[in-house]
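S.K.: Quick one: structure below, then a few questions.
Read-outs throughout are calculated quantities, based only on the coordinates presented, and are distinct from any laboratory measurement. Computed from a predicted structure; not experimentally measured. Here the Cβ is made from the backbone with ideal geometry for all residues, glycine too, and neighbour counts use every protein chain on show.
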Amino acid sequence: MKLNQNAKEMMATMALVGAVVVALNAAIAPENGRDMVPWSLGLLAVAILVWIWMRRDAMAESSDDAVKAAEDAADEAEALAKRREVRQDVQPVSSVEPDDLTKIKGIAAGYQRVLNDAGIRTYEALAATSADELRAIFSAAGRAAPVGLETIPQQAEFAAMEDWDGLREYQASI
């Protein structure tokens, strides 16, 4: 049976008051006192049982609320983590001076636009991108991968360090 908290409290109070009245009646009228003791004990037991019932339901409700609150907090934390992951990969366009990626063998102006649209604007960002990631970027843009795609991250690493002689030597070897 589902009762609200007020009804349960009222039942417990009534049982407790009844037990007190019966106990007082037994104390005032001792000739009938022996007959009233079981009633007093019974009503007291009912009051205790109702009180236990109230506490059990109150604890269940609070634990359900705690579980729901924990689930909500976990969902919010997961959403925040996803937003943070996305934001770490993307740098604001205005804060980064784009490099001339066409200095890299295999990257023409069209490929540079695709890379810039994907958030790759510097030699450092290009060097940190794997060949598989580059292939996926060009595929998502509907473009064929440039010739020598596997060498692009290494070339970008030379350019990022501004080792132009090393870059020329590497480009000559590929």
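S.K.: Arranged by the count of other C-beta atoms within 10 angstrom, fewest first, what order do 133, 157, 71 take?
M.R.: Exposure proxy ranking, most exposed first: 71, 133, 157.
S.K.: Sticking with this structure for a sec: Just to be sure I understand the model, the point goes 7 Å from the Cα along the line to the Cβ. What's the resulting residue 161 to residue 10 distance in nm?
M.R.: Taking the simple label geometry, residue 161 and residue 10 are separated by 8.4 nm.
S.K.: Quick one: which of 42-54, 115-127, 161-173 comes out on top by average Cβ neighbours within 10 Å, and what's the full order, highest first?
M.R.: Going from most to least packed, we get 115-127, 42-54, 161-173.
S.K.: Pop a pseudo-label 7 angstrom from the Cα along the beta-carbon direction at both residue 49 and residue 79 and give the gap in nm to one decimal.
M.R.: It works out to 4.7 nm between the two label points.
S.K.: Among 127, 142, 107, whose Cα sits farthest toward the positive end of the charge dipole of the stretch 94-173 (+1 at Cβ of Lys/Arg, -1 at Cβ of Asp/Glu, about the Cα centre)?
M.R.: 142
S.K.: Counting other beta carbons within 10 Å of each residue's own, what order do 105, 68 fall into, fewest first?
M.R.: 68, 105
S.K.: From a point 7 Å beyond the Cα of residue 103 in the direction of its Cβ, which residues of the stretch 121-147 have a backbone N at a distance under 16 Å?
M.R.: Only 121-128 fall inside the zone, counting backbone N under 16 Å.
S.K.: Just rank 21, 114, 147, fewest to most, by other beta-carbon atoms within 10 angstrom.
M.R.: 147, 21, 114
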